[in-house]
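Novice: Have a look at this one.
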Amino acid sequence: MPHPVFSSVPAVAPPRLEVQSLSRTFGGRPVVDGVSLTIAAGQVTCLLGPSGCGKSTTLRMIAGVDTPDAGHIRIDGAEVCGPGLSLPPEARGVGLMFQDFALFPHLTVAQNVAFGLRGDREAKSRRVGELLDRVNLSGYGAKHPHELSGGEQQRVALARALAPRPRIMLMDEPFSGLDNRLRDGIRDTTLEVLKEEGAAVLLVTHEPDEALRMADEIALMRGGRIVQCGSPYNIYNSPADKAAAAFFSDVNVIRGVSRGALTLTPFGEFLTPGHADGAPVEIIIRPQHLKIDFDRGGRGPNPTPMDGTPARGTVVRSRFLGRESLVEFSMDYAGEKLTAAVPGVFLPKPGTVLWLMIRRDRCFVFPA
Ligand SMILES: Nc1ncnc2c1ncn2[C@@H]1O[C@H](COP(=O)(O)OP(=O)(O)O)[C@@H](O)[C@H]1O
Ligand SMILES: [Mg+2]
């Protein structure tokens, strides 16, 4: 008999991919250390972190080409890897795409895409046509890989990986072999196709811009662990620590000591709740969030509640980067050099005296 209270509660589908406490050591060194992740069907999660932090090892274990020392991997709720169990890659329903994706050179584009497909000829050719269309390569079916550009080959590789309708797509730095100008376009096409196909996607990258552009969720990894997981917006705007903030841009650091939940700096007082009396703190601000104003004969700008007290500095160096300029300041107060990013039309000369303000709502405070 159904339970009188819970029988009407609808069953919640398990996540497409669930990774729980995955660990792997090489030569006694933990390389992946208790990684847990959940990815829903149709969701793109970027595993983002510096080179060597264990991203590829994590992906290889999920694919089934490497075996963890501990942990569980479940696909649609069914365990594919756990103590005493490790299904082979072909039994997991995963699609793979790597940087050095090798298309079969002796096969045509259509044959490459059809490679992993089973079923009758007509169904296969329908699926191949559909995918080539999706990646904007209809009409390319009879060509050979050497006749295609790098970007086109990449799109064929994507079509090939997606052809058997994998439940999970695992992608390891798939765009890093492409030149910059091609990359954004291919990223967008890839994302569109992945969304249409509805697979759960784990995309490994060391490039923050790529993760911000592609991810529904970013899992930030460092030293074998996931240090923060969240939407691109939250990861960028509420980093878990200084290193997480610094992974996405240069950061300015203003040091101080918290007293009574306030820290006094040359930029005025900052609220620093949760920091003990006398605890050294670091106030972190990205270069884009420093505001610049003119000297006005030494008066500077008027303080505002949002921007706080202005502090004066002298331009040491200005670098024009196209869209923006990076301006480095030596401050009147003894201490840190600060860098501000300003629109590229502004390129103050070294020696120019300017005032800086710090947007209170853009600061992160961490223990020093
Ligand atoms: N098969 C292996 N044997 C020994 N060490 C390995 C092996 N695979 C990876 N490593 C080491 O594990 C660390 C993490 O590697 P990897 O997962 O490839 O990092 P990432 O993809 O984040 O750059 C690196 O220090 C690497 O040298
Ligand atoms: Mg790697």
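Novice: Say a paramagnetic label sat at a point 7 Å from the Cα of His144, along Cα to Cβ; which residues of the stretch 150-171 have their backbone N under 17 Å from it?
Specialist: Under cut-off, by backbone N: 150, 153.
Novice: So what is the relative contact order of the stretch 17-245, in percent, for Cα pairs below 8 Å that sit 6 or more residues apart?
Specialist: 29 percent
Novice: Now, a different point. Using only DSSP helix segments of four residues or longer, with each worth -39500 (n - 2.57), what per-residue ellipticity at 222 nm results for the chain after dividing by its residue count and rounding to 500?
Specialist: -6500 deg cm²/dmol
Novice: Next up: I want to check the label-to-label distance for Ala243 and Phe115. Put each point 7 Å from Cα in the C-beta direction and report it in nm to one decimal.
Specialist: 3.7 nm
Novice: Would you please put 45-51, 79-85, 15-21 in order of how densely packed they are, using the mean number of other Cβ atoms within 10 angstrom per residue and starting with the highest?
Specialist: For the peptides 45-51, 79-85, 15-21, the packing ranking is 45-51, 15-21, 79-85.
Novice: Sort Tyr233, Tyr140 by Cβ crowding within 10 Å, fewest neighbours at the top.
Specialist: Neighbour counts put them in this order, fewest first: Tyr233, Tyr140.
Novice: Name the long-range amide H neighbours of Thr272: under 5 Å, sequence gap of 5 or more, or other chain; modelled H, no Pro or chain starts.
Specialist: Distant-sequence amide H within range of Thr272: Leu262, Thr263.
Novice: May I ask you to sort His206, His275 by Cβ crowding, counting other Cβ atoms within 10 Å and putting the fewest first?
Specialist: His206, His275
Novice: Rg and Dmax of the stretch 93-169 over Cα atoms: what are they, in angstrom?
Specialist: 11.3, 31
Novice: Something else now. Calculate the tail of P(r) for the chain: the fraction of all Cα-Cα distances greater than 25 Å, expressed in %.
Specialist: Summing the P(r) tail past 25 Å for the chain gives 64 percent.
Novice: To one decimal place, what Kirkwood hydrodynamic radius in Å is obtained for the stretch 191-280 from all pairs of distinct Cα atoms?
Specialist: 15.6 Å
Novice: What list of ³J(HN,Hα) values in whole Hz, one per residue of the stretch 218-235 in order, does the Karplus curve 6.51 cos²θ - 1.76 cosθ + 1.60 (θ = phi - 60°) give from phi, with Gly and Pro shown as x?
Specialist: These are the phi-based 3J(HN,Hα) values: 10, 10, 8, 10, 8, x, x, 10, 8, 8, 7, 9, x, 5, x, 4, 6, 5 Hz.
Novice: Would you give the gap between the C-alpha center of the stretch 179-195 and the C-alpha center of the stretch 82-137, rounded to a whole Å?
Specialist: The stretch 179-195 and the stretch 82-137 have Cα centres separated by 19 Å.
Novice: Strictly over 26 Å apart at the Cα level, which of Lys55/Lys195; Lys55/Lys124; Lys55/Lys242; Lys55/Lys143 would you flag in this model?
Specialist: Over 26 Å apart, Cα to Cα: Lys55/Lys124; Lys55/Lys143.
Novice: Using +1 at the C-beta of Lys and Arg and -1 at the C-beta of Asp and Glu, which of Leu137, Ala123, Gly34 has the Cα lying farthest in the positive direction of the dipole of the stretch 17-245?
Specialist: With unit charges placed on the Cβ atoms, the residue in question is Ala123.
Novice: Treating cross-link reach as a plain straight distance, find the aspartates and glutamates whose alpha-carbon is under 20 Å from the alpha-carbon of Lys291, omitting any fewer than eight places away in the same chain.
Specialist: Cross-link targets: Asp250, Glu269, Glu282, Asp307, Glu324, Glu328, Asp332, Glu336, Asp361.
Novice: Any idea what the dipole of the stretch 250-367 comes to, in debye rounded to 20, about its Cα centre with Lys/Arg Cβ at +1 and Asp/Glu Cβ at -1?
Specialist: 300 debye
Novice: Sticking with this one: List every residue whose amide H lies under 5 Å from the amide H of Val31, counting only residues 5 or more places away in sequence or on a different chain, with H placed 1.01 Å from N in the peptide plane.
Specialist: Arg24, Thr25, Phe26
Novice: While we're here: Taking square-rooted eigenvalues a ≥ b ≥ c of the alpha carbon gyration tensor, is the stretch 222-332 rounded, prolate or oblate, where a/c under 1.5 means rounded and, failing that, a/b exceeding b/c means prolate?
Specialist: Because a/c hits 1.5 or more and a/b fails to exceed b/c, the stretch 222-332 counts as oblate.
Novice: If you don't mind, another one. About its Cα centre, how strong a charge dipole does the chain have in debye, to the nearest 20, once Lys and Arg get +1 and Asp and Glu get -1 at the Cβ?
Specialist: Dipole about the Cα centre, nearest 20: 320 debye.
Novice: Can you tell me what the convex hull of the Cα atoms of the stretch 22-85 projects to on average, as an area in nm²?
Specialist: Taking the Cα atoms of the stretch 22-85, their convex hull projects to 4.7 nm² on average.
Novice: Using modelled backbone amide H atoms (1.01 Å from N, in-plane), which distant-in-sequence or interchain residues come within less than 5 Å of Phe98's amide H?
Specialist: Asp172
Where a number appears in this text, it was derived from the coordinates with a stated rule and is not lab data. Keep in mind that what you see is a predicted model, and the values were worked out from it rather than measured. A quick note on method: Cβ atoms are made from the backbone with ideal geometry, for glycine too, and the neighbour counts reach across all protein chains shown.
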